[in-house]
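Notes for the one structure printed next.
Every number here is computed from the coordinates shown, using simple stated rules; none is lab data. Since the model is a prediction, treat every value here as computed from it, not as a measurement. Backbone-built Cβ (ideal geometry, glycine too); neighbour counts: all protein chains shown.
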Amino acid sequence: MKSSADIFREIADIKDRMTLMEVCGTHTMSIAKFGIKSLLPSNINIISGPGCPVCVTSSGDIFKAIQLAKKDDVIVATFGDMLRVPCNGDSLINYKNVKTIYNPMDSIKLAKDNPEKEVVLIGIGFETTAPIIASVIISADKDNIGNFTVLPMNKVVPPAVELIIGNKNNKIDGFILPGHVAAITGKKYFDFISEKGGRGVISGFDPVGISSSIYELVLMIKNKKSAIVNNYGCVVSDEGNVLAKQIMKDVFSVSDAEWRGLGVIKKSGLEISEKYSKFDAVKKFGIKNVKVSESSGCICGQILMGNKLPVDCSNYATKCTPSNPIGPCMVSSEGTCAAYYKYFRD
Amino acid sequence: MLVDKIGLNVGSGGRQMQDFIKEVILKKLGNNILNVLDDSAVITMEKGRIAMTSDSYVVSPAFFKGGDIGRLCICGTVNDLATSGAKAKYISLSFIIEEGTSLADIEKIVDSVSITAKEAGVMIVTGDTKVVEKGRCDLMYINTTGIGVLDEGVSISTHNAVEKDVVMVTGPIGDHEASLVIYRKLIDLNIDIKSDVAPLNLKIEELIGQTKGVHAIKDPTRGGLSGSLNEIADNSNCEIEIFEDKVPFSNGVKALCDIVGFDPFYLASEGRYVIVGSSDIEPVVKKVFGNGASVIGRVNSNKKRGVVMHTELGGLRKLGVMDGIQLPRIC
């Protein structure tokens, strides 16, 4: 096996100009944390795509969560990095009955421990997290928990990638694909990219894994090879986790979803299926869809599509900072602008 | 006669307050200056410069693995004094107690203050007690002021780092905040991390008694190692260059950060120092603080890059100041 030093030496010999996109937020953070961009020659550019689920949560969805958080008899359970996602100058961090959890299963315990309250879990995440949210719903059903629901905001990756590929300004030569998503969905799930003439490498997250994935992808671009390569074979199979996929299919059905910065993308969301509708917070609390406008001047949509960089935005590091984020890319620590702010700002 | 729960009357200036001061405070913390019980303590000082610091402690929970708010308030105060090279001498202690707090809890905290003050060689010379209605404070807050004396010629400041200085840490970084994250059950993880809270003032006295090469000392509390390094780089108008593989972290901190997505360079310690000085301080710092102490980087002349880190992979990464707070990530 090549060492990372060898890999970067060989990459330095490649003189073609190319643009790579990492789709996953954890890749964005890892690339910044390990200083990988500083090891690449200037002709090879890596940009970040719409792969941070927190970042792409729309203001409309946050508005729904805030409406629930305002109710005295409700506890909203959520992953920590959702707390700061902005909506009209407000966010969940301002409400005392919002409880941070790490393991979604803890939301059931919360419901059992607080029988006089309604516990609402914010269902967020891509294919990696969706089966976990689904299994929480199945557990709640088995245990007959009456005071527990999920506010569904889960999304799936392929429609957003298709949107990027289909964009006429698309300059992306290849994708570094999310290893954790692929662990659930399987490698074949991403074959649509190569079928459209594109290419991608499914990657792990440690420095050697990311470096070797970049190397594989750079070689494929240089050789104009169109394929999906699985460079995370210890975790990702062709078919993925069959049980997890089945659970997802049972509990969710595909719907259109609004992505912050990108707008409504057809068939990119997961809503709770009829069979488990009693666990749907939207239905239980009669939450209406409200159109909430996104902040003006924000170019996150363009950044997520790979057309612009954070430094191209007039809000970046002036009005928009990690403690006061305006756009989706600054919201989560995994967002492109947040990573730029933390690791590259002068 | 003391009751089991602290009532509002303990802070009211009447008999209950007198009883509390006599039976809890003086019994555990008494000395010839405090025992006078006048509204101000009278201290005889030698000639020369004094250092003074103030801090408030609002840690939640008040009891955590490796310490409690009592130990923390003494350590924080003497450690702050030692950053200027001062010898910590006297501390004032103001308690703000939540009504209904058990007397046993308060006694435990005052015991901790007493033990830690002895460990650090400082006297509690004055203080105050207030009690606020239930819900207006979380068990107890403590405010302190510390006074220390400076020997002639000692000049240690975050403004004093110069080119070619070595940058050292005295041990693994981040255990205090990591232990609180675990202890608060914010995340239900079974990782064994103990707070590093400890008084380090006597070690610093020993260090500067043995070398004149120490230029800057900073305790990486809030804002973590990154915050401390940036403050030194800013104040001394220099660049600090560190090496990721040289920075010590305990396995517990590494595990927590890996799982939750925290950056360990931003986690607080309460018993560690960043020490910057000429290259000959290395063996002395190691002798005083033990082998956990290590050189993590160096100071360069003004290149305006702030703090940069060579990553384990060989890349270069900027280590900026934290903006906002760290939150556990979804994945």
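Some notes on this structure:
- Whether region A:1-340 is rounded, prolate or oblate, judged on the alpha carbon gyration tensor where a/c under 1.5 counts as rounded: prolate
- Kirkwood-Stokes translational diffusion coefficient of chain B, alpha-carbon pairs, 20 °C, 1.002 mPa s, µm²/s: 102
- Vicinal HN-Hα couplings computed from phi for region A:160-177 (Karplus, 6.51 cos²θ - 1.76 cosθ + 1.60; Hz; Gly/Pro x): 5, 5, 4, 4, 5, 4, x, 5, 5, 8, 4, 10, 7, 8, x, 10, 8, 9
- Counting 0.36 nm for each residue step from B:Leu8 to B:Asp280 and taking away their Cα separation leaves a gain of 92.3 nm.
- In region B:128-182, GluC sites (Glu not before Pro) in a DSSP loop with at most 11 other beta-carbon atoms within 10 Å: B:Glu133, B:Glu152
- Listed by chain and number, the aspartates and glutamates whose C-alpha is less than 14 Å from the C-alpha of B:Lys185, apart from same-chain residues fewer than 8 away, are A:Asp106, B:Glu177.
- When region B:34-85 is described by a simple charge dipole with +1 on each Lys and Arg Cβ and -1 on each Asp and Glu Cβ, the residue from B:Ala82, B:Ile69, B:Leu37 located farthest towards its positive end is B:Ala82.
- For A:Lys112, a cut-off of 12 angstrom between C-alpha atoms picks up these aspartates and glutamates, skipping any fewer than 8 places away in its own chain: A:Asp143.
- As a rough footprinting exposure proxy, the listed residues B:Asp105, A:Asp173, A:Asp256 were ranked by other beta carbons within 10 Å of their own, and the order from fewest upward is A:Asp256, B:Asp105, A:Asp173.
- In the protein assembly as shown, the alpha-carbon atoms span a convex hull of 166 Å³ per residue.
- If you take the Cα centroid of region B:108-164 and the Cα centroid of region A:105-176, the two points sit 47 Å apart.
- Simple spin-label estimate for A:Ala5 and A:Asp72 gives 6.7 nm between the two label positions (7 Å along the Cα-to-Cβ direction from each Cα).
- Approximate shape of region A:1-51 as ellipsoid semi-axes (Cα gyration tensor, √5λ), whole Å, largest first: 20, 14, 9
- A Förster radius of 25 Å, combined with the Cβ-Cβ distance separating A:Asp256 from A:Ser293, puts the computed FRET efficiency at roughly 0.85.
- Restriction of the trypsin sites (Lys or Arg not before Pro) in region A:251-330 to DSSP coil positions whose beta-carbon has at most 12 other beta-carbons within 10 angstrom yields A:Lys288, A:Lys291.
- Taking a straight line from the alpha carbon of A:Lys288, these aspartates and glutamates sit under 16 Å away, with near neighbours fewer than eight places off in the same chain left out: A:Asp61, A:Asp256, A:Glu258, A:Glu271, A:Asp280.
- Within chain A, percent of DSSP bridges classed antiparallel, to nearest 5: 30
- Cβ crowding within 10 Å, taken as a proxy for footprinting-reagent exposure, orders B:Arg71, B:Arg136, B:Arg317 from fewest neighbours to most as B:Arg136, B:Arg317, B:Arg71.
- Cα-based Rg of region A:1-115 normalised by 2.2 N^0.38 Å, two decimals: 1.56
- Peptide B:304-314 has a mean of 4 when you count, residue by residue, the C-beta atoms of other protein chains within 10 Å of its C-beta.
- Computed E for B:Glu23/B:Asn235 - FRET, C-beta separation, R0 51 angstrom, nearest 0.05: 0.65
- Farthest toward the positive end of the dipole of the protein assembly as shown, out of B:Gly135, A:Cys24, B:Leu2, is the Cα of A:Cys24, where the dipole comes from beta carbon charges about the Cα centre.
- Three-way shape label, region A:85-180, alpha-carbon gyration tensor, a/c 1.5: prolate
- With the simple spin-label model, which puts each label point 7 Å out from Cα in the Cβ direction, the B:Ser157 to A:Lys142 separation comes to 6.5 nm.
- Cα-Cα separations in region B:166-318 greater than 18 Å, expressed as whole percent: 57
- Full extension of the chain between B:Lys246 and B:Ile115 gives 43.8 nm of extra length, using 0.36 nm per residue less the Cα-Cα distance.
- Structural size metrics of region B:64-218, computed from C-alpha coordinates, are Rg and Dmax of 17.7, 56 Å.
- Proximal lysine pairs, region B:8-149, alpha carbons under 21 Å, eight or more residues apart or interchain: 20
- Cα gyration tensor shape of region A:158-233, rounded if a/c is under 1.5, else prolate or oblate by comparing a/b with b/c: oblate
- Peptide A:326-333 is shielded by partner chain Cβ atoms: per residue, an average of 2 of them sit within 10 Å of its Cβ.
- Proxy reagent accessibility, fewest Cβ within 10 Å first, across A:Asp141, A:Asp106: A:Asp141, A:Asp106
- In order along region A:113-120, the Karplus-derived 3J(HN,Hα) couplings, from 6.51 cos²θ - 1.76 cosθ + 1.60 at θ = phi - 60°, round to 6, 10, x, 7, 10, 9, 9, 10 Hz, and Gly and Pro are given as x.
- Residue-averaged beta-carbon neighbours from other chains (10 angstrom radius) around A:46-55: 1
- Segment A:Thr19..A:Asp238, full-extension length gain: 76.2 nm, with 0.36 nm per residue of separation and the alpha-carbon distance subtracted.
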